[in-house]
Amino acid sequence: MNKIIRICMVLMLAMSIAACGSKEPAAQQNEKQGETQIPNPWIDCGTLEEAAQIAGFDMKVPDRIDGYPNTTIQAMDKSVIQVFYSDKALGEEGCKTVLIRKGLGEEDISGDYNEYKENTTAQMNGVEVSLRGDGGLVYTATWIRDGYSYSISADDGMSAEQIEELVEIIK
């Protein structure tokens, strides 16, 4: 009788181990558990022209921004173009960026939901620009022109004068 109980216990242990080890890919396991991951909608582009083909509209930005030698261009199908100017490779530890976006519609496309002590508006290049920041620096600027939303987000902040220079270029 003891032998039968031991054999049953060994079989139950073996079955529980086998049940825990699944040969299904992780994505399928997550999907079954209701944890389907959303694919990244951003498409890396080599040029602004390539981004324009994806987004369905063009965008004009500065070739470079002082202190940010690296440029990364991305687009989202028929909706947004974004250009990162970075001091290091994107994703590298300590990387600081200035991000410029243009998108269809009149919504805030900055993606910056932080609350700032300083919230003002200023007329720049014929449009009203919302400036959000702290300590005299602007961390996010947004505006609307001709059916498009625009934003500038700067990790280290920028002066209002620097923002105005960019607003004059960005179209």
Is region 32-74 rounded, prolate or oblate when judged by the Cα gyration tensor, a ≥ b ≥ c being the square roots of its eigenvalues, rounded requiring a/c under 1.5 and prolate requiring a/b larger than b/c? oblate
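Looking at region 43-169, what % of the alpha carbon pairs are farther apart than 25 Å? Show your work: numbers first, answer last.
Details: 1593 of 8001 pairs.
When every Cα pair of region 43-169 is considered, 20 percent fall beyond 25 Å.
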Label-zone membership for region 143-158, site Thr121, 7 angstrom Cα→C-beta point, backbone N under 19 Å: 143-152
If the cut-off is a Cα-Cα distance under 15 Å, which aspartates and glutamates reach Lys88, setting aside same-chain residues fewer than 8 apart in sequence? Asp66, Asp155, Asp156
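Order by neighbour count: Thr121, Thr72, fewest other Cβ atoms within 10 Å first, most last.
Values: Thr121 12, Thr72 17.
Ordered from fewest to most neighbouring Cβ atoms within 10 Å, Thr121, Thr72 come out as Thr121, Thr72.
Every number here is computed from the coordinates shown, using simple stated rules; none is lab data. Every value quoted in this text rests on a predicted model; they were computed, and no experiment measured them. Every residue, glycine among them, receives a Cβ derived from its backbone with ideal geometry; neighbour counts consider all protein chains shown.
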